[in-house]
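Undergrad: Here you go, one structure.
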Amino acid sequence: MGSDSLTIVDNRTGQKYEIPIVDGTIRAIDLRAIKKDKEDFGLLTYDPALLNTATARSAITFLDGEKGILRYRGYPIEQLAAHSTFMETAYLLIFGQLPTATQLEKWEWDISHHTLLHTNAQKLIESFRHSAHPMSVFIGAISALGSLYPDARDTACVECRLLQAQRIIAKVATIGAFTYRLNQGWPMNYPDDELGYVGNYLRMMFRMTEHKYVPNPVLERAINVLFILHADHEQNCSTSTMRVIGSSQADPYSALAGAAAALYGPLHGGANEAVLLMLEQIGSVRNVPGFIDKVKKGEAKLMGFGHRVYKNFDPRGQIIKKMAHEVFEVTGASPLQDIALELERIALHDDYFVSRKLYPNVDFYSGLIYQAMNLPTNIFTVMFAIPRSVGWIAQWMEMMREDDLKIVRPRQIYVGEGARDYVPIESRKA
Ligand code: ACO
């Protein structure tokens, strides 16, 4: 065997094993050959939070957390944010290449012709209490779509998979806008094909009684950029959930509802909402040092800081921070901006955060923009879920193309009781 291998000596037996290294990785299953004796099951790896385990071979998103690099299909995120639109980036993530003008026109037509929501799905959304968290409504509505499109269960059919992808990308915007309208107690706005994806989304969110809604071009561009930045992020918690559920060959609506549920948590996509709640709780710049002390004592968490992969800076956060000024010129600054800047200033110089490589992530800044746009805090995670649906579906389609797709089924280390006999209830002791 060449040098691309790992030699392991099992000190229990003195046996030596050579394990191939491919792409800087060993296959966990190769360790199974390492046994104490013939009866032994073989060596397992233990990695409950998947800190050092690759679960996919993917050609979609490249991320280097040490250098702060993020690329979709090879294109740097900075270039896509500067020049692309969300629809074009969605095409790139799904098909692997930037579209020609004709391909983009067809793609936009295909998506815009799936934006209407079946009235049953709308009724379901309207049946939630007005105060329901928009993410609960979003998750419920996505999952219900599976019941409306039974063809989605044919996960082996390539054309059906693309059709579900188009439906999902189109309908998540409508569902997202409807969750907001429900929350506000306003009637739903149906989609308008004449507007682009983001313009139509803004119309469904904000149109009141005016006959013709014209989206503000600065805000439309800002949402395009935010949607591009949130579209994919390789094997994070929610994307892994999409793949795990999809591996059982469940329909993609069910898998996507699961992915959205994973995103909802405050340590993941729910962090943008948690950041705003934290800033509101701090209340004023003079309370910032006291809050930082609480974080350092372990009594609070600095939401919007830290990342499992980025250990230097989050390139998405830097793009949003620059863009925020353009948005604030239209909307006026977020009232919490000064508190956020002071928190950031202290945290970037304080040894507690520097030594743990805790930098602001994408969620630290995005909420300030949404707040300046007058969006209620509880809709922020929906603003994340809409574009991330593109990444989830692209990752699902990539996985479904694999020749040797297997259901995900991890192992465990059993730490419970050994075998024991059943005890009749009258003989049991408290
Ligand atoms: N505030 C204070 N301390 C923190 C923070 C934080 N936000 N994040 C991590 N730490 C500390 C931990 O307490 C730990 O300290 P210790 O070594 O003294 O025990 C150390 O930094 C390492 O943290 P881990 O929890 O091991 O890091 P992990 O990679 O598991 O977690 C995570 C990453 C979940 C993002 C974490 O940094 C966090 O909770 N951040 C706040 C929530 C957030 O902003 N999430 C959004 C992430 S981006 C996204 O999902 C879109």
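The values are calculated or read from the model by the stated rules, or taken from the named source; none is laboratory data. These numbers come from a predicted model, not from an experiment. Note that we place each Cβ from the backbone using ideal geometry, even for glycine, and neighbour counts take in every protein chain shown. We work out accessible area using only protein heavy atoms, side chains counted, and drop any ligands, DNA or RNA first. Shrake-Rupley method; radii C 1.70, N 1.55, O 1.52, S 1.80 Å.
Undergrad: Under 18 Å from a point 7 Å along the Cα-to-Cβ line of L6: which residues of the range 38-72 have their amide N that close?
TA: Backbone N within reach: 42-57.
Undergrad: Quick check on packing: order 66-79, 266-279, 15-28, 359-372 by the mean number of other C-beta atoms within 10 Å, highest mean leading.
TA: 359-372, 266-279, 66-79, 15-28
Undergrad: Given the Cα-Cα distance of E194 and N374 and 0.36 nm per residue of separation, how much length would full extension add, in nm?
TA: Full extension of this stretch gives 62.3 nm more.
Undergrad: If you don't mind, there's one more thing I want to ask. Given only helices, namely DSSP H runs of n ≥ 4 each adding -39500 (n - 2.57), what is the per-residue ellipticity at 222 nm of the chain, to the nearest 500 deg cm²/dmol?
TA: Roughly -15500 deg cm²/dmol at 222 nm, from the helical runs in the chain.
Undergrad: When ligands, DNA and RNA are left out and all protein chains stay put, how many square angstrom of accessible area per residue does the range 75-164 have with a 1.4 Å probe?
TA: 50 Å²
Undergrad: So, one more: Roughly how many Å² is the accessible area per residue of the range 210-353, as a whole number, for a 1.4 Å probe?
TA: With all protein chains present, the range 210-353 gives 44 Å² per residue.
Undergrad: Follow-up question, since we're still on this one. Could you give me the ³J(HN,Hα) list for the range 132-138, computed from phi with Karplus coefficients 6.51, -1.76, 1.60 and θ = phi - 60°, whole Hz, x at Gly and Pro?
TA: With the stated coefficients, the range 132-138 comes to 4, 5, x, 5, 5, 5, 4 Hz.
Undergrad: Which whole-angstrom value gives the distance between the alpha carbon centres of the range 185-247 and the range 39-70?
TA: When both Cα centres are located, 31 Å separates them.
Undergrad: Given the Cα-Cα distance of L162 and W186 and 0.36 nm per residue of separation, how much length would full extension add, in nm?
TA: This chain segment gains 5.3 nm when fully extended.
Undergrad: Also, quick follow-up: Which of rounded, prolate or oblate describes the chain when judged by the alpha-carbon gyration tensor and an a/c cut-off of 1.5?
TA: Judged from the Cα gyration tensor, the chain comes out prolate (a/c at least 1.5, a/b above b/c).
Undergrad: Per residue, how much accessible surface does the range 1-46 expose to a 1.4 Å probe? Answer in Å², no decimals.
TA: 79 Å²
Undergrad: Next question, about the same structure. What are the ³J(HN,Hα) couplings of the range 372-377, residue after residue, when phi is run through the Karplus curve with 6.51, -1.76, 1.60 and θ = phi - 60°? Round to Hz, x for glycine and proline.
TA: Taking θ as phi minus 60°, the curve returns 5, 7, 6, 7, x, 3 Hz for the range 372-377.
Undergrad: What's the ranking of 107-117, 286-296, 398-408, 311-321 by average number of surrounding C-beta atoms within 10 Å, highest first?
TA: 311-321, 107-117, 286-296, 398-408
Undergrad: So which aspartates and glutamates pass the test for K35, namely a Cα distance under 17 Å, with those fewer than 8 places away in the same chain ruled out?
TA: Filter leaves D10, E18.
Undergrad: Identify unpaired cysteines across the chain, taking unpaired to mean no other cysteine Cβ lies under 4.7 Å from the residue's Cβ.
TA: C237
Undergrad: According to a simple spin-label model (label point 7 Å from Cα along Cα-to-Cβ), what is the distance in nm between K36 and S131?
TA: 5.7 nm
Undergrad: Exceeding 20 Å between C-alpha atoms, which entries from my cross-link table qualify? They are K67/K297; K294/K357; K67/K301; K301/K357.
TA: Beyond 20 Å: K67/K297; K67/K301.
Undergrad: For a test of the definition: using alpha carbon positions, the gyration tensor, and the 1.5 limit on a/c, classify the range 1-46 as rounded, prolate or oblate.
TA: The shape class here is oblate.
Undergrad: Working out 0.36 nm times the residue gap between F95 and R308, then minus their Cα-Cα distance, what length gain in nm do you get to one decimal?
TA: 73.9 nm
Undergrad: Only four residue types carry charge here, +1 at the Cβ of Lys and Arg and -1 at the Cβ of Asp and Glu. Report the dipole size of the chain about the Cα centre in Debye, rounded to the nearest 20.
TA: I would put it at about 860 debye.
Undergrad: Moving on to the next point. Carbon and sulfur: what percent of the chain's accessible surface (1.4 Å probe)?
TA: 53 percent
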